[in-house]
Each structure stands twice: as C-alpha cells, then as structure tokens.
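To keep things clear, I will list the structure first and then write my remarks on it.
Read-outs throughout are calculated quantities, based only on the coordinates presented, and are distinct from any laboratory measurement. None of these values were measured; they are calculated from a predicted model. Cβ: placed from backbone, ideal geometry, glycine included. Neighbour counts: every protein chain shown.
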Amino acid sequence: MQDVIFSLSISSESYLKYYQGTVNAVIVRAEDGRKIQFPAEALRPFIKPNGIKGRFRLVYDQAHKFRKLEQLAG
C-alpha cells in the first residue's frame with residue numbers, strides 16, 4: 001500500500017455538486033506536489049455543516065486504486 005497526504009477545504013455549498021453526483025471525482029494537489037484524483041463519495045464521512053476541511057491521508061494499492069481515506073487533522 002502507498003499513501004499521499006493533502007489538505008482540503010470545500011464549502012458545504014460546493015460539496016453539493018459532489019453529493020448530487022454532478023461531479024464524481026475530486027482532484028487535489030498533495031503535499032509532495034503530486035496531483036491526485038479519487039472518488040468524491042470517499043469524502044461523505046467527513047462532511048460537517050460548514051463543509052469539509054482538514055488534512056487527509058489517502059491510501060491506494062500498487063495498481064493505484066483507492067483503498068481508504070483518513071482525516072489526520074480537522
């Protein structure tokens with residue numbers, strides 16, 4: 001397994017596009033400079049009334065398939 005760390009700040013209004021299925025993937029810039037993409041539905045457990053904010057760790061396998069997303073700091 002491999003991982004990547006990134007920070008994210010999405011307002012609740014902006015996340016509606018992801019939640020409603022209009023947008024299926026999130027693209028972020030990792031702390032090491034890589035651009036990564038993962039399924040938007042992975043963020044659902046982290047939705048708060050003011051949106052999604054924090055530092056996250058995305059874990060993926062050798063084939064670069066998404067495995068899990070953990071919040072490191074909020």
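Structure summary
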item	result
Placed amide H near V23: partners under 5 Å, 5+ positions off or other chain	Y18
Loop-located GluC sites (Glu not before Pro) in the stretch 1-62 whose Cβ has at most 15 other Cβ within 10 Å (DSSP)	E31
Filtered trypsin sites (Lys or Arg not before Pro), the chain: DSSP coil and at most 14 other beta carbons within 10 Å	R34, K65
